[in-house]
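Please treat every number below as a calculation from the coordinates, not as lab data. In this text, all values refer to a predicted model and were calculated from it rather than measured experimentally. Because the Cβ atoms are built from the backbone with ideal geometry, glycine has one as well, and the counts that use them run over all protein chains shown.
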């Protein structure tokens with residue numbers, strides 16, 4: 001079974017970012033051998049990294065970080081996943097603060113004395129939304145994709161966006177607010193298609209790498 005984890009880095013509950021991620025993750029229903037789960041940071045408490053280096057010398061089985069917040073339940077989901085979708089709105093031209101905090105806490109998979117390299121060779125896909133064109137879509141996607149490289153993951157893209165997938169939360173990305181359309185991002189057909197293609201590509205690569213690892217183990 002291929003496991004795909006999607007994480008929404010928006011503080012807005014039931015907002016455009018969560019709606020787009022849900023629509024993208026619905027692609028999983030097309031596959032019999034794939035399961036998916038979404039974690040919304042809008043309902044989670046994530047502290048910033050303390051850079052105390054506890055993880056470098058003091059990790060134990062089942063304990064990734066010295067802090068005990070909602071990352072405690074997210075770490076095992078990350079470790080179990082074959083593919084990861086990081087979905088983030090552009091805030092002030094770059095990724096959101098809550099997503100930045102989660103990313104900083106992933107250093108446990110880079111420097112940890114037990115969990116170092118736990119994300120290596122998993123598949124990652126970056127998904128972003130911005131309110132208007134030039135509002136930080138590409139810079140957010142770049143930051144998310146850099147996370148995958150840092151974790152030695154394999155970065156996927158949609159084939160429509162070079163760094164992942166993206167959509168606008170205003171009509172045609174013109175930056176006009178329409179109060180009556182809570183999930184106006186879903187009217188961005190190109191953006192929705194890119195998000196769905198991204199999930200398909202993450203699944204495709206996860207299958208390839210999982211089959212390759214199995215073959216290597218049997219050789």
Within 19 Å of residue 41 (Cα to Cα) and touching a strand residue (DSSP E or B) at 6+ places or on another chain (Cβ under 9 Å): is that true of residue 81 in this structure?
yes
For the range 1-20, enumerate the residues that are in a strand (DSSP E or B) and over 19 Å from residue 103 (Cβ atoms).
2, 3
Regarding the range 93-100, can at least one residue be identified that is more than 11 Å from the chain's Cα centre (by Cα), farther than 27 Å from residue 63 by Cα and either crowded, with 20+ Cβ neighbours inside 10 Å or touching a residue at least 60 places away in the same chain (Cβ under 8 Å) (or both)?
yes
Quick check: anything in the range 40-60 within 14 Å of the chain's Cα centre (by Cα), surrounded by 14 or more Cβ atoms within 10 Å (Cβ to Cβ) and outside any helix (DSSP H, G or I)?
yes
Considering only residues that are in a helix (DSSP H, G or I) and in contact with a strand residue (DSSP E or B) (Cβ under 7 Å, 6 or more places away or on another chain), look in the range 187-196 and name the one that is surrounded by the fewest Cβ atoms within 10 Å (Cβ to Cβ).
192
Kindly indicate the residue of the range 136-185 that is touching a strand residue (DSSP E or B) at 6+ places or on another chain (Cβ under 6 Å) and on the phi > 0 side of the Ramachandran plot and also surrounded by the fewest Cβ atoms within 10 Å (Cβ to Cβ) among those meeting that condition.
175
Answer with yes or no whether residue 23 is in a loop (DSSP other than H, G, I, E, B) and touching a residue at least 60 places away in the same chain (Cβ under 8 Å).
no
Among the residues of the range 64-92, write down those that are more than 22 Å from residue 154 (Cβ to Cβ), assigned to a helix (DSSP H, G or I) and touching a residue at least 12 places away in the same chain (Cβ under 8 Å).
71
